[in-house]
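Novice: Sending over a structure as structure tokens; questions will come in a sec.
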């Protein structure tokens, strides 16, 4: 039992925290949003420090880091809203490595080029809709009824204008099935859930931190607003939920890494809880920023919009609750439930 | 990070489960409906196994079990619906005496607490001071070699069956409130003590206790004269982080699932077919996993000798607030049938959800209200200024 970050994990955190703090300030986030939700320079920088292949097997050129290490990176990535598909690329590349037979491609992915992603939602009529980083990804993995498909058609570069400023795009996919390992696909989706939960924790912590900083400077009624219990109680609630989400997200990732029987259940739970906790935190922080929080000038709105958007890439959260309920209680028998 | 328990802790979990399956009966749980949340036979059986002394370091005469095993014991007891109140308080008092008490208390009282032959209760709150507990005005004055105690305490739950009360008193009224407090362990059979029941809207009874010229030797003092606040911090640390309450929800959720799967609504459907019911159940199960994360985190910190405060407040805040929400959600789900109390033969599973619904409001109050715990998080974790 080690519920705090290990020395190694702290070292990883330190490296990537410094990197994202320097290379992904909000000016970069804002610029990426204007140009389709992706920063080429940031991606190249991430590849240079090994961030694109850290959790891939060393045998094919990866960094052999654990999924727990990757979750630590996802946390700081979320804290800086880094406009690059760190999680999707890692999950797609890990899936390819698991499937096997694509060592050369996986080796290239480790270096960040080409850029890979996964379609979170099943394609309909050959089209995967709202693919994360779909506007820029050179490699798309998707799951059709028969199995996993690998698509290497060129991205359009056209982003669907969206709430979160994400590089979302629909993608027409090949129907060449490269694997029928459905369990590997489900595991990959669970990795996305667990890592995105960790990113939500980083986002939530940072948006609370920004709000607390603002509450020290902003004076109303002759005193800093941080002295008001109303704000303190709201931030304390938000912080408690975020720290709870942190423990759950990392337990889920650890469970995926070590193949615990409840890993998938925990990953689904972690994503739902972390997303809600982060959305609560952004709501409180925006509220306590007053009108400025709503203005484009302040960064809190960047956090608010991404907290909203990340989980919706997967679909309506109600469907995630329903999926977990099916696992817990068996499928609903009533036809109206289908 | 690593969330696995060491093999000996997993073995202990199995041992506790087997013990509870054998030793805890429905009749015992039913007997707590008299309002006293304590099962003497179970308490003694646990003491015999050395489980009460478990968390106490072996060097001090305890079982020397790791904090991980303590949280397992707590978890399994709550999952099995065993009342943990008297046991928890007694073990916490023993731990406080070992940390702050002198030899008299360590040699004469602690062994009796840990072998199950004595019980202790808390005496912090007063009729006029609850959250502002440091403002306590129950007076302890020196009288020769002795102390003379006068005052009143509220919410001295278990005092009617306990042997000792851990009493917060004012020894110096002329200094800032936190600096004039002292603790005593007061034998409840000392002349001058009166115990009056305080019935509650739940099943459990509490007490008010009154102290009229109670004479006590200095050997009953716990910690330094006017050093009571540091003892209080130890007490609250144990109470919020370790003492339990993190797993009150699972038996309620079990009952709700049972109802949802077996009850037929007027339209012929079962609640479990209803997407809103399914979502509420999953939300509750997620909250339980969050509580589990917090509980294991506090245990891991304690196990590594890390003093925690904020983490205990977060745990208590989240566990009690979510438990209250679960009780309300699933009581609502049952409609009018949920109103039946355990006295009705028709009550579902002995009225378990109704009973918890009535119990739940106190959990966000006792041991530090949610508002006080949020203050602790805001100040201790977020570095916000003191706001009261």
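Novice: How shielded is B:246-252 by partner chains, expressed as the average number of their Cβ atoms within 10 Å of its Cβ atoms?
Specialist: What the average comes to for B:246-252 is 0.
Novice: Same structure, new question: Take residue A:186 and residue B:128, extend 7 Å from each Cα along the Cα→Cβ direction, and tell me the distance between the two endpoints in nm.
Specialist: With each label point 7 Å from Cα toward Cβ, the separation is 6.4 nm.
Novice: Now a separate question. Relative to the longest principal Cα axis of chain B, at what angle does helix B:7-23 sit, 0 to 90 degrees, rounded to 10?
Specialist: So the helix axis and the longest Cα principal axis differ by about 80 degrees.
Novice: How would B:372, B:161 line up from fewest to most surrounding beta-carbon atoms within 10 angstrom?
Specialist: So the residues, fewest neighbours to most, are B:161, B:372.
Novice: Follow-up question, since we're still on this one. Taking the number of other C-beta atoms within 10 Å as the exposure measure, put B:38, A:80, B:108 in order starting with the fewest.
Specialist: Starting with the residue having the fewest Cβ neighbours, the order is B:108, B:38, A:80.
Novice: Going 7 Å from the Cα of residue A:41 in the Cα-to-Cβ direction, what parts of region A:73-97 have a backbone nitrogen less than 16 Å from that spot?
Specialist: A:82-84
Novice: Go through B:327-338, A:4-15 and give me the packing order, highest mean Cβ count within 10 Å leading.
Specialist: My ranking of the peptides, most packed first, is B:327-338, A:4-15.
Novice: Using Stokes-Einstein with the Kirkwood hydrodynamic radius over Cα pairs, what translational diffusion coefficient do you get for region A:264-338 at 4 °C and a viscosity of 1.567 mPa s, in µm²/s rounded to a whole number?
Specialist: 91 µm²/s
Novice: Mind checking the angle between helix B:352-363 and chain B's longest principal axis? C-alpha axes, 0 to 90 degrees, to the nearest 10.
Specialist: Approximately 40 degrees, to the nearest 10.
Novice: If you split all Cα-Cα distances of region B:7-119 into 5 Å bins from zero, what percentages do you get per bin, shortest first?
Specialist: In whole percents, the pair-distance histogram is 2, 12, 23, 24, 19, 12, 6, 2, 0.
Novice: Provide the packing ranking of B:225-232, A:299-306, i.e. peptides ordered by the mean count of other C-beta atoms within 10 Å per residue, highest first.
Specialist: Those peptides, ordered most packed to least, come out A:299-306, B:225-232.
Novice: Quick one: among A:59, A:275, A:142, which has the greatest mean-square fluctuation in a GNM of chain A with alpha-carbon springs under 10 angstrom?
Specialist: Taking springs between Cα atoms under 10 Å, the residue moving most is A:59.
Novice: Sticking with this structure for a sec: For region A:249-265 and region A:121-161, what is the centre-to-centre distance using only Cα atoms, to the nearest Å?
Specialist: When both Cα centres are located, 27 Å separates them.
Novice: Listing A:279, A:323, A:17 from the residue with the fewest other Cβ atoms within 10 Å to the one with the most, what is the order?
Specialist: A:323, A:17, A:279
Novice: Over the alpha-carbon set of chain B, divide Rg by the Kirkwood Rh and report the Rg/Rh ratio to two decimals. Provide the component values of the computation, followed by the final result.
Specialist: Numbers: Rg = 21.4 Å, Rh = 21.9 Å.
Answer for chain B: 0.98.
Novice: What percent do you get for the relative contact order of region B:122-231 when only Cα pairs under 8 Å and 6+ apart count? Mind showing how you got there, number by number?
Specialist: Values: 258 pairs, mean separation 32.9, N = 110.
30 percent.
Novice: Just to verify a number: FRET efficiency for residue A:162 and residue B:387, C-beta to C-beta distance, R0 = 45 Å, to 0.05?
Specialist: 0.70
Novice: On to the next question. Measure off 7 Å from each Cα along the Cα-to-Cβ vector at residue A:287 and residue A:13, then give the distance between these two points in nanometres to one decimal.
Specialist: Placing both labels 7 Å beyond Cα along the Cβ direction yields 2.8 nm.
Novice: When the helices in chain A are scored as -39500 (n - 2.57) per DSSP H run of 4 or longer and the sum is shared across all residues, what 222 nm value do you end up with, to the nearest 500 deg cm²/dmol?
Specialist: Calculated mean residue ellipticity at 222 nm is -19000 deg cm²/dmol.
Novice: Let me ask something additional. Run lengths n ≥ 4 of DSSP H only: what is the helix-derived mean residue ellipticity at 222 nm for chain B, with -39500 (n - 2.57) per run over all residues, to the nearest 500?
Specialist: Numbers: 12 runs with 170 residues, N = 388.
Mean residue ellipticity at 222 nm (helix-derived): -14000 deg cm²/dmol.
Novice: Per-residue Cβ counts within 10 Å, from other chains only, averaged over A:270-277: what number is that?
Specialist: Partner-chain Cβ atoms within 10 Å, mean over residues of A:270-277: 2.
Novice: If you stretched the chain out fully between residue B:4 and residue B:212, how much longer would it get, using 0.36 nm times the residue separation minus the C-alpha to C-alpha distance?
Specialist: Length gained, residue B:4 through residue B:212: 69.6 nm.
Novice: Sticking with this one: Averaged across the residues of A:225-236, what count of C-beta atoms belonging to other chains lies within 10 Å of each residue's C-beta?
Specialist: Numbers: counts 0, 6, 4, 3, 7, 1, 3, 12, 8, 2, 6, 17.
Mean shielding count: 6.
Novice: Right, something else. GNM on chain A, C-alpha springs below 10 Å: top fluctuator among A:285, A:295, A:264?
Specialist: It is A:295.
Novice: Let me ask something else. In nm, to one decimal, how far is the residue A:326 label point from the residue B:28 one, both placed 7 Å along Cα→Cβ?
Specialist: For residue A:326 paired with residue B:28, the spin-label model returns 4.2 nm.
Novice: Now, a different point. Taking the 0 to 90 degree range and rounding to the nearest ten, how far is the long axis of helix A:229-257 tilted relative to the main principal axis of chain A, both from C-alpha atoms?
Specialist: 20 degrees
Novice: Would you mind giving the three semi-axes, in whole Å and largest first, of the ellipsoid equivalent to region A:186-338 according to its Cα gyration tensor?
Specialist: That gives 34, 16, 13 Å for the three semi-axes.
Novice: If r is the Cβ-Cβ distance from residue B:150 to residue B:189 and R0 is 22 Å, what FRET efficiency results, to the nearest 0.05?
Specialist: So, using R0 = 22 Å, E works out to roughly 0.75.
Novice: Build a GNM of chain B with springs between Cα atoms under 10 Å: which of B:350, B:312, B:367 gets the top mean-square fluctuation?
Specialist: Its mean-square fluctuation being the largest, the pick is B:350.
Novice: Which three semi-axes in whole Å describe the equivalent ellipsoid of the protein assembly as shown, each the square root of 5 times a Cα gyration tensor eigenvalue, listed largest first?
Specialist: Semi-axes, largest first: 51, 29, 24 Å.
Read-outs throughout are calculated quantities, based only on the coordinates presented, and are distinct from any laboratory measurement. Here the structure is a predicted model, which is why all the values come from computation and not from measurement. We place every Cβ from the backbone using ideal geometry, glycine too, and count neighbours over all the protein chains shown.
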